Amino acid sequence: MYDKLLSLILSQNNSFLFDYAEKNNINRLVGTVLYSKDNLVIIGVKNSFFFLENQSNQNIKVGIRVNLNFLKSQDKANSVDTPIKMKYLGESSTNGIKLSLRFPNFKNIDSINLKTPNFTDTQNLKASIWLSKFSQTLNTQLKNLKFDNLETHEMTSFKKLVEKIVTTILKSFKDNLNSVLSPSHSANKIVDMMKVYISSKNNPDYFSQNQLKLIRELVTLKEKDVKTLDTKNESQTSERNNIMDKTLSSYLTIKNLSLETKTPLMFFSIFGLPIFFTIDREYQNNLKNYQKETMNQKLNLILLTHNFGVIDAHIQSLEKEVYISFELENNTDYFKLKKQYLIKNLKVKNYFVKRIDFL
């Protein structure tokens, strides 16, 4: 009954296992159902896990053996219908992780590729279950978004956002955290970030005039313009600096958040923008006074912006010393314009920037 369960699923050209079968002239492999709950199914074969959505009423039990048939793309039209209809959500193997990613009207962006962490078998299965639910929820929610007015490079930013956040969350399984953000919550929040992006793009009134002014300045000012502005009356730039101060204050608020939360992975809102961030604290012996402990705090912020694409910021503070690195998708030179302003204002608050890197 299950002989052709995956015959259509594994005809997908981007499957790791399909590539393996094609190179080794293999038409069929045997897999085992490792997980089956609600309508999600995970099938394991040769150190690979396939994440599937059961779109039939047929109950699939854990432990059953199934044949995985490989069809070339040109054979699809002539293939016999499978007894159980399955939807491909993704897969995990030693070659990496693939997740289905469906943007309406953007067929060329159909998956994200991630490096596979060095998981144990238990971690791998737990992560695969999480990824299955995440992919299912994400693609369901993406159907409700309107991408008509977006360009390909913006969809690429959406893809990069998903890659960044999922990579960070997968580290939670590797680090054996007791609690990981739920897959449905994570997928919904990522879609919320996209909604904010789309709303602000389609509705100029989404941001205040002062905020729009700041955005325009960041993408149009040249280095000499910054020096000129700094010599003008402070009142002329008070609104711009006030916005930066609010952002800085938000960072310091996050920095001091209690770790009593169930997980150090959180979605938060700063300056009206949804941001994903992680907090990692570790205590070290203080060389200056061995009777005290020094807290080394690491923050990772990921956000989606119009002018810079995806921003991935890593902040490390040891007592009052701060080390920062920014990875920007677009317009790095423009972003650097506020580097000295950030250093200056952190110093006012008794935080000393030892290094700022742009990756």
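The values are calculated or read from the model by the stated rules, or taken from the named source; none is laboratory data. Just so it is clear, the structure is predicted and the values come from calculations on it, not from any experiment. As a convention, Cβ positions derive from the backbone with ideal geometry for all residues, glycine included, and neighbour counts pool all protein chains shown. Protein only, heavy atoms only, side chains kept; ligands, DNA and RNA dropped before computing areas. Shrake-Rupley method; radii C 1.70, N 1.55, O 1.52, S 1.80 Å.
Fully extending the segment from K115 to N296, taken as 0.36 nm per residue of separation minus the present Cα-Cα distance, adds 62.4 nm. Assuming a ≥ b ≥ c are the square roots of the Cα gyration tensor eigenvalues, decide whether the stretch 146-186 counts as rounded (a/c under 1.5), prolate (otherwise, with a/b larger than b/c) or oblate. Oblate. Here the extension length gained between N108 and K171 equals 19.9 nm, from 0.36 nm per residue of separation less the Cα-Cα distance.
The listed peptides 129-136, 51-58, ordered by packing as a protection proxy, come out as 129-136, 51-58 (highest mean of other Cβ atoms within 10 Å first). Taking label points 7 Å from Cα along the Cα-to-Cβ direction, E22 and Q340 give a separation of 5.5 nm. For the stretch 105-203, GluC sites (Glu not before Pro) meeting the loop criterion (DSSP other than H, G, I, E, B) and having at most 14 other Cβ atoms within 10 Å: E151.
What is the sum of charges around L125, taking Lys and Arg as +1, Asp and Glu as -1, for the other residues whose C-beta is under 14 Å from the C-beta of L125? Around L125, the charge tally is +2.
Rolling a 1.4 Å probe over the protein heavy atoms leaves E22 with an accessible area of roughly 100 Å². Remark: the K354-H153 segment gains 69.0 nm on full extension, using 0.36 nm per residue and subtracting the alpha carbon distance.
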